[in-house]
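Take a look at the structure set out below.
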Amino acid sequence: MIMYEEWLKSVEALQRQIDDFFYLTGYLDFEQVQIPDLVPTAETLYVQEQLEKYCHELEEAFYQAKRLSAKVMVTGKIRRGENGRFWLENEELAVGRSIELLYDDGRNVEPIESWHAGHIAHNGARYYFTGNRNIELEGAYARIKHHL
């Protein structure tokens, strides 16, 4: 069985490999694969199209790997500010802000709180956490990581 720390190191190594691959293809800069010496033929255009699809799907794994190894920037309880928006310490939780909340999702036999990733969203009526819309934001224990 792989030890926990070894597994995390393996994820970090994979993240670096994905980062190198994105650099070579130019995908993160242009959101498409850039192949400077590409001679357009039916086959090379097919390969480029498939690589772009692959990169698009790989991008989600890339950011999940970055999130795992990211350092925690702020931790505490979410509070509502005078402007009606939510705050974690001195960080405003605007729409799109990536956060992690600590709660028991009920999936374990024993009640165990764990961190859940998501971001802040607004549906026109209220702010919510995309990881679980039923969580009341005010008073929830949260953290923000330096990852993106």
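Using the Karplus relation 6.51 cos²θ - 1.76 cosθ + 1.60 with θ = phi - 60°, the per-residue 3J(HN,Hα) values for the range 35-48 come to 10, x, 9, 5, 9, x, 10, 4, 6, 5, 5, 5, 4, 4 Hz, with x marking Gly and Pro. For the chain, a simple Cβ point-charge model (Lys and Arg +1, Asp and Glu -1, everything else neutral) yields a dipole of about 680 debye relative to the Cα centre. Applying a DSSP loop filter and a limit of 16 other Cβ atoms within 10 Å to the chymotrypsin sites (Phe, Trp or Tyr not before Pro) in the range 57-103 leaves nothing. Applying the Kirkwood pairwise sum to the alpha-carbon positions of the range 72-146 produces a hydrodynamic radius of 12.6 angstrom.
At each listed q (0.15, 0.21, 0.23, 0.28 Å⁻¹), what is the log10 of I(q)/I(0) that the Debye formula gives for the range 4-69 modelled as equal alpha-carbon point scatterers? The Cα Debye sum returns log10 ratios of -0.52, -0.83, -0.93, -1.18. Considering only F30, Y127, V47, the residue lying farthest towards the positive end of the dipole of the chain is Y127, judged by Cα position with unit charges set on Cβ.
Looking at (1) 18.9, 69; (2) 19.6, 60; (3) 15.2, 49, which value of Rg and Dmax of the Cα atoms in Å comes from a calculation on the structure shown? The value matching this structure is (2). Its DSSP H runs of at least 4 residues, each contributing -39,500 (n - 2.57), put the calculated 222 nm mean residue ellipticity of the chain at -12500 deg cm²/dmol, to the nearest 500.
For the range 24-147, relative contact order (Cα pairs under 8 Å, six or more residues apart, normalised by length) works out to 24 percent.
Every read-out reported here was derived from the displayed coordinates using simple, explicitly stated rules and does not represent laboratory data. On a predicted model such as this, the values are computed, not experimentally measured, just so you know. Positions of Cβ are backbone-derived with ideal geometry, glycine not excepted, and every protein chain shown enters the neighbour counts.
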